[in-house]
Amino acid sequence: MEIVHSDLVKILISILCGSILGLEREYQNKSAGFRTIILICLGATIFTIVSQHMKGSDDRIAANIITGIGFIGAGVIFKDNFYVKGLTTAAVIWIAAAIGMVIGISDYSLGLLLAGIILIILSLFSRVEVLIDVMNNRKVFTIVFTNTDLDNLYMIEKLIDENKLKSKRVQVSKRDNRLVATLEVSGNKKRMKILNEKLINLDEIYQI
């Protein structure tokens, strides 16, 4: 098959867009970094180019790209105790493939525009998240008490309330003749730090 000049342009622009998104993920030290995002964007572009050379298969190949990217995205999502990590990276993988497909159909300006918009969302909005985190921080405390007295748990919940924080019981159990309580606490980050210091100094707590 003869190499078409327009296909080379698509490949170069796809690499450029993938680099824009990949650099941000690499800077954030995420599992899917610079090379991975480039290859995902480029792969989607190549498959789209192939679909244009195969009459009547455009929709089928596009659908398979979306399915394949779903598997890759799922691979970077991890559940860590009570939190889920990797959702943003999975979304970047998904959007990188979409941008690659846009470039594959020769809409270069839209592809570059989307890459720029996504970069702004990832960089600018992360600062907004930091601001929200300061105002409404959320933390999970797993507290191991020195005994099995439930009054100690009530005392901790009262202490949280006195510090103008909100708490929710996630799990309460017994282990080695000690009460173990997992609490989800939310509120101001400064108050959260003060609470943490108070909890450390309590004789009723064996481990936190």
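The values are calculated or read from the model by the stated rules, or taken from the named source; none is laboratory data. Predicted model, so just to flag it, every value in this text is computed and none were measured. Don't worry about glycine lacking a Cβ; one is built from the backbone with ideal geometry, like all the others, and counts go over all protein chains shown.
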- Subset of segment 101-122 [in contact (Cβ under 8 Å) with a residue 40 or more places away in the chain, out of contact with any Gly (no Cβ under 7 Å at 6 or more places or on another chain) and closer than 15 Å to residue 12 by Cα]: 101, 104, 105, 106, 108, 111, 112, 115
- Just to be sure, is residue 194 assigned to a helix (DSSP H, G or I) and assigned by TED's automatic domain parsing to the domain that holds residue 84? no
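Looking at the structure I just gave you, is residue 74 part of a loop (DSSP other than H, G, I, E, B) and either at pLDDT 90 or above or aliphatic (A, V, I, L, M) (or both)?
On the way: part of a loop (DSSP other than H, G, I, E, B): no; either at pLDDT 90 or above or aliphatic (A, V, I, L, M) (or both): yes.
It is false that residue 74 is part of a loop (DSSP other than H, G, I, E, B) and either at pLDDT 90 or above or aliphatic (A, V, I, L, M) (or both).
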- Task: Give segment 32-53 a look and list any residue that's under 16 Å from residue 76 (Cβ atoms) and either touching a helix residue (DSSP H, G or I) at 6+ places or on another chain (Cβ under 6 Å) or among the aromatic types (Phe, Trp, Tyr) (or both), or say none.
- Result: 32, 33, 34, 37, 38, 40, 41
- Message: Condition first: in contact with a strand residue (DSSP E or B) (Cβ under 9 Å, 6 or more places away or on another chain), closer than 30 Å to residue 26 by Cβ and either aliphatic (A, V, I, L, M) or not in a helix (DSSP H, G or I) (or both). Can you find one or more residues in segment 139-153 that meet it?
- Response: yes
- Message: Scan segment 145-168 and tell me whether some residue there is loosely packed, with under 15 Cβ neighbours inside 10 Å, small (Gly, Ala, Ser), free of Cβ contacts under 8 Å to residues at least 24 places away in the same chain and not assigned by TED's automatic domain parsing to the domain that holds residue 47.
- Response: no
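Test residue 123 against the criterion of being of a type in the set (Ser, Thr, Tyr) and closer than 30 Å to residue 93 by Cα, and give yes or no.
Details: of a type in the set (Ser, Thr, Tyr): yes; closer than 30 Å to residue 93 by Cα: yes.
When the stated conditions are applied, residue 123 passes them.
Table: residues versus (1) touching a strand residue (DSSP E or B) at 6+ places or on another chain (Cβ under 8 Å); (2) at pLDDT below 90; (3) in a helix (DSSP H, G or I); (4) not assigned by TED's automatic domain parsing to the domain that holds residue 169.
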| site | (1), (2), (3), (4) |
| --- | --- |
| 22 | no, yes, yes, yes |
| 30 | no, yes, no, yes |
| 38 | no, no, yes, yes |
| 42 | no, no, yes, yes |
| 45 | no, no, yes, yes |
| 60 | no, yes, yes, yes |
| 66 | no, yes, yes, yes |
| 70 | no, yes, yes, yes |
